[in-house]
Amino acid sequence: MNIKQYTDSEQPRATAWCIESELTAGADNTYTINDPDDAAKLGTGSDIIVIDKPGLILFYDAENAVAYDWSNSQ
């Protein structure tokens, strides 16, 4: 996972780029990050772009350690 952090704080917002195998799909269009070190670098509001699944953009919630698929939100 490649991570670009925008602020230097306890839970920084960031943009991350990864491949789908670095994530575990959950229920209701949610995903968890397989590497806890990568997850610790993302704060709430970070976005995750899945580069090998075009159009899949996730919104990360650090409190619950889950990423939501918002790519199809209306």
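Laboratory data are not the source of any read-out in this text; all were calculated from the coordinates shown. Please read these numbers as outputs of a predicted model, since none were measured by experiment. Don't worry about glycine lacking a Cβ; one is built from the backbone with ideal geometry, like all the others, and counts go over all protein chains shown.
Identify the chymotrypsin sites (Phe, Trp or Tyr not before Pro) of segment 35-74 meeting these criteria: DSSP loop state and at most 13 other C-beta atoms within 10 Å of the C-beta. Before the final figure, lay out each step's value.
Values: sites: 59, 60, 68, 70; in loops: 70.
For chymotrypsin sites (Phe, Trp or Tyr not before Pro) across segment 35-74 that sit outside H, G, I, E and B with at most 13 neighbouring Cβ atoms in 10 Å, the list reads 70.
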**Fill in**
With -39,500 (n - 2.57) per DSSP H segment of 4 or more residues and division by the full residue count of the chain, the 222 nm estimate, nearest 500 deg cm²/dmol, is -1500 deg cm²/dmol
**Request:** Please identify, among 24, 44, 15, the residue showing maximal mean-square fluctuation in a Gaussian network model of the chain using a 10 angstrom Cα cutoff.
**Result:** 24
**Item:** Rg/Rh ratio calculated on Cα atoms of the chain (Kirkwood radius)
**Value:** 0.93
**Message:** Just to verify a number: FRET efficiency for residue 5 and residue 53, C-beta to C-beta distance, R0 = 35 Å, to 0.05?
**Reply:** 0.90
**Request:** Hand me the chymotrypsin sites (Phe, Trp or Tyr not before Pro) from segment 1-58 located in a DSSP loop with no more than 13 other Cβ atoms within 10 Å, in residue order please.
**Result:** 6
**Request:** With a cut-off of 20 Å, note down the residues of segment 42-74 whose backbone N falls inside the zone around a label point 7 Å from the Cα of residue 17 toward its beta carbon.
**Result:** 42-43, 46-60, 70-71
